[in-house]
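> My questions all concern the structure below.
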Amino acid sequence: MSLDSDSAAVASTSRDWYFPSPPFIHNNSNSTKFPKYPRRFPTNPRPSQHLPPDYRPPFGGVSSPNSSPPFRSVSSSTSAPHRAFNHERLRRRVNFGRRREKPQQNDVNEAIPSVSDGVSRRRSEVSSAVSGDKFLGNGFNVRWKMTFFVAIATTVFSSVVYQNYCLHIQVNELQEHISKLEFTLRAYNLSDSMELISSFGQQSDIHSKILKRLALMVSLTLLSMPVLAFKYIDYVSRSRSSENISEEVSLNKQLAYRVDLFLSVHPYSKPLALLVATLLLIFLGGLALFGVKDDSLAECLWLSWTYVADSGNHTDSEKIGERLVSVSISFGGMLIFAMMLGLVSDAISEKFDSLRKGRSKVVEQNHTLILGWSDKLGSLLNQLAIANESLGGGIVVVMAERDKEEMELDIAKMEFNFKGTSVICRSGSPLILADLKKVSVSKARAIIVLAEDGNADQSDARALRTVLSLTGVKEGLRGHIVVELSDLDNEVLVKLVGGDLVETVVAHDVIGRLMIQCARQPGLAQIWEDILGFENCEFYIKRWSQLDGMHFEDVLISYPDAIPCGIKVASLGGKIILNPDDSYVLQEGDEVLVIAEDDDTYAPAPLPTVKEASFIHIARTARKPQKILLCGWRRDIDDMLVVLDAFLAPSSELWMFNEVAEKEREKKLIEGGLDISRLVNITLVNREGNAVIRRHLESLPLQSFDSILILADESVEDSAIQADSRSLATLLLIRDIQAKRLPMVTHVQRGSFSQGSWIGEMQQASDKSVIISEILDPRTKNLLSMSKISDYVLSNELVSMALAMVAEDRQINDVLEELFAEEGNELQIRQADLYLREGEELSFYEVLLRARQRREVMIGYRLANAERAVINPPSKSERRRWSVKDVFVVIAEKE
């Protein structure tokens, strides 16, 4: 019994430990082949002393003296197959599929002798057990002993037979397993190289995992460094503030200042910072993805860029680590995209603002540049547009310290046709070289500096600084500079700074001289408007080689569409001589000064046949003393007094009526440089009063004045509308007072107003005296031209015309200066009886030659029934009948 159970236990244990269970144990055929032998076991367990003390189960089995013997009851196990089934459950614990626990061939070879040793050991144990059982039969009878002996013998025999069979089966299984192990061993020997590679791969996998963890730690460290740096800066700043170190700036303020300085100094700092932030986010995100994904670093960097560029690309992430990293990168990408949108939006807005505010550079050349803004700008632009009409239009650039949109809106409100000329506005200061370069100042053909409205000294000082800025342009200036000044005393200083580049036009001096000339010769203002403006005829200077060697007398009738009036002498350094002698012969290099409609509308032609003009000697009457009234006070009134003293006849009277106290007048005149004792032809009469108060004007003998000059008073000249309103009120009051004091005439010669109308009465008064009003606003012109009660002067428009003419050709400034000066030639209006008789039929050329006998250049005429003069008349050879009431316009020397 013990042999059976022990052998079975030993066999099953040894098999379970080393070999897997064969499948044939479960087959039913095995149960039918071997009969079931009933075995009976005593209920008492076998004493442990029956086993040897040094017993060890074969094949590594575990046994101890205190462990229970391996006996089984009949109810628990009745057959060998059932016992084999129980052994199969234990055999499933063994796993031979482990690749690392590769069995050795020596162990397999040692397993076979161990089995035979176990069998012999069991047989010895069985024999010892049988000899021990003989002592039990002492208490039984012979029958029961035999039965018991037979049962034991049968059991032992069946057990031995079954054990042998099981050993045979195990041997077969071992042989099959040995063959399989040998095959596996050969396969393993062939795959050693593959396993080596796989081992290297496993090692590289280990290194890759370490590298990935390191990359993740590096990315987290770099990401946390800015936070730690800011915390440290804040801590240092707080510690310094707690120590009350007032003289030192905190560290965070210093850092903020450095960042602000970097962003303000470098124009591309913001895009550069955004680019660095984007690259840093891609790099850190790629490292973090490399730490949580199995992809390569390059692939992770590319994935990081896709997450930054498109926040929806992280939806394919599966692991929690990948999702956290991808969401973080996508969030950073959204922030960078928002910053990029902000920068792009700011850049676009800034560009549009620069275009709207006039900050972009003007890429032009041969353009006219106007620096400054004043009330004269509209008239100036109109004249320049007319001057460039023959060229198909030009480019005029205006730069002022105003908003570009406001300038463009004001220019759009100007009611005139630009005739193809483009006006470009830019905001900037003429005192800043960068702004001057922005309008291509070095490539402009002419630069006009306008005087500011307001104080004359401040305006001239600013003009002087502007000239200094212009002369400091490194590239140099291609064109000349035309500077408008307000005070004649500042002209010398500006010319000293600008040198040969500068041409000056003193607005107040020009207007004052024009007012004086118009006061002496009514109707001269309209002639000046025609000559100075580009709408009709103006001055041009050009060389004609075919005229070399010709006398000036012949040159006068050589232009059918122009009137020569001077010569630019090359031998005198380009000096312009107005009204030269008839005997002057043109030399090589000389140029001819003419009055023509445009520079391309005239050319010399063969000399026409002109009837010899007989000389008519008519002596002109001597100049008579005049009585002139000045209403108002100008800052350059001292210069006007000097000019009046030069033009007027001796014993003339000059009445000064203004609000300045009589004691202060002499002081201001002396401060202006006037010595009253040196006035030869005029006598000053001072009256104090307000020119817009009727009772003050009624105290004056208004009906006895030959000419009345209404000046734009110094107190209101800063406002053109207010100054014109004051001048217009004074004009109306004076004309009304004159109309009441002068006798009524039965016929009004001019206009279509009735005799009883107030305008008709004022026109009557205007025939007795000449009133010249200084008008600043062009809108006031329509009122005066309609009523015809004043021979007005439109000062701003005339100054604009002069500026435009000098800008187009700087040589014309010399001509204007001579015509406005006290000495030399001037424009004069002559009566027709000086050149012809009543009803005489002559051509304009014939009258012109008669005027040459008086050393005069005739440039036009005004018929008795006409309102405007004709300058440079057409059809000069055509004969017509003249009247002694006609007048002619000539350039003659001052008397």
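The values are calculated or read from the model by the stated rules, or taken from the named source; none is laboratory data. Treat the numbers as computed from the prediction; the structure is a model and nothing was measured. In this analysis, Cβ positions are derived from the backbone assuming ideal geometry, glycine residues included, and neighbour counts consider all displayed protein chains. Note: areas computed on protein heavy atoms with side chains; ligands, DNA, RNA excluded. Shrake-Rupley method; radii C 1.70, N 1.55, O 1.52, S 1.80 Å.
> Quick check on this structure: which one of L501, L485, L477 is open to solvent by 40 Å² or more (accessible area, probe 1.4 Å) and touching a residue at least 24 places away in the same chain (Cβ under 8 Å)?
Testing whether each residue is open to solvent by 40 Å² or more (accessible area, probe 1.4 Å) and touching a residue at least 24 places away in the same chain (Cβ under 8 Å) leaves just L501.
> Here are some conditions: (1) surrounded by 15 or more Cβ atoms within 10 Å (Cβ to Cβ); (2) modelled with pLDDT of 80 or more; (3) hydrophobic (A, V, I, L, M, F, W, C). L272 meets all but one. Which one does it not meet?
Unmet condition: (1).
> Same structure, new question: Restricting to segment 785-832, name every residue that is of a type in the set (S, T, Y) and either within 30 Å of G479 (Cα to Cα) or at pLDDT 90 or above (or both).
S795, S800
> Considering only segment 526-542, I want to know if a residue exists there that is touching a residue at least 24 places away in the same chain (Cβ under 8 Å), open to solvent by 10 Å² or more (accessible area, probe 1.4 Å) and of a type in the set (G, A, S).
no
> When you scan segment 383-422, how many residues do you find that are in contact (Cβ under 8 Å) with a residue 60 or more places away in the chain, crowded, with 16+ Cβ neighbours inside 10 Å and either closer than 23 Å to S354 by Cα or among the polar types (S, T, N, Q) (or both)?
1
> For segment 774-893, give me every one of the strands (runs of 3 or more DSSP E) that falls completely inside it and has 2 or more residues that are over 22 Å from V510 (Cα atoms) and open to solvent by 20 Å² or more (accessible area, probe 1.4 Å).
Hits in segment 774-893: 857-862, 879-881.
> Of all residues in segment 559-610 being acidic (D, E) and over 22 Å from N813 (Cβ atoms), which is most open to solvent (accessible area, probe 1.4 Å)?
Out of the qualifying residues, it is E588.
> Yes or no: D582 modelled with pLDDT under 90 and under 24 Å from R850 (Cα atoms)?
yes
> Then there is this: Tell me, yes or no, whether segment 358-369 has at least one residue that is within 18 Å of L450 (Cβ to Cβ), in a strand (DSSP E or B) and at pLDDT 90 or above.
Looking for residues that are within 18 Å of L450 (Cβ to Cβ), in a strand (DSSP E or B) and at pLDDT 90 or above, one finds at least one in segment 358-369, hence yes.
> Hey, another quick one. Is it the case that some residue within segment 288-311 is in a helix (DSSP H, G or I), open to solvent by 40 Å² or more (accessible area, probe 1.4 Å) and farther than 23 Å from V218 by Cβ?
Yes; the residues of segment 288-311 include at least one that is in a helix (DSSP H, G or I), open to solvent by 40 Å² or more (accessible area, probe 1.4 Å) and farther than 23 Å from V218 by Cβ.
> Condition check: part of a strand (DSSP E or B) and of a type in the set (D, E, K, R). Does R478 satisfy that?
no
> Related question: For segment 634-718, which strands (runs of 3 or more DSSP E) that fit wholly inside it have 2 or more residues that are free of Cβ contacts under 8 Å to residues at least 40 places away in the same chain and open to solvent by 20 Å² or more (accessible area, probe 1.4 Å)?
Fully inside segment 634-718 and qualifying: 682-688.
> Provide a single number: the residues in segment 458-474 that are loosely packed, with under 15 Cβ neighbours inside 10 Å and basic (K, R).
Adding up the residues that qualify gives 2.
> Looking at S264, S326, which one is hydroxyl-bearing (S, T, Y) and under 22 Å from L214 (Cβ atoms)?
Matching residue, one of S264, S326: S326.
> Assess whether G573 counts as being without any contact (Cβ under 8 Å) to a residue 12 or more places away in the chain and not hydrophobic (A, V, I, L, M, F, W, C).
yes
> From the set of residues in segment 454-475 that are over 29 Å from the mean Cα position of the chain (by Cα) and in a loop (DSSP other than H, G, I, E, B), which is nearest to E401 (Cα to Cα)?
Taking the candidates together, the pick is G454.
> Please give the number of the condition Q517 fails out of (1) more than 30 Å from A712 (Cα to Cα); (2) surrounded by 22 or more Cβ atoms within 10 Å (Cβ to Cβ).
(1)
> Go through (1) without any contact (Cβ under 8 Å) to a residue 40 or more places away in the chain; (2) within 20 Å of G498 (Cβ to Cβ); (3) open to solvent by less than 50 Å² (accessible area, probe 1.4 Å) and name the single condition V439 misses.
(1)
> I'd like to check something: does segment 293-300 contain any residue that is more than 30 Å from D435 (Cβ to Cβ) and under 30 Å from the mean Cα position of the chain (by Cα)?
Within segment 293-300 (the criterion being more than 30 Å from D435 (Cβ to Cβ) and under 30 Å from the mean Cα position of the chain (by Cα)), the answer is no, since none of the residues qualifies.
> Now, a different point. Can you tell me which residue within segment 254-269, out of those that are within 24 Å of the chain's Cα centre (by Cα) and hydroxyl-bearing (S, T, Y), is surrounded by the most Cβ atoms within 10 Å (Cβ to Cβ)?
Per the criteria, the residue is S269.
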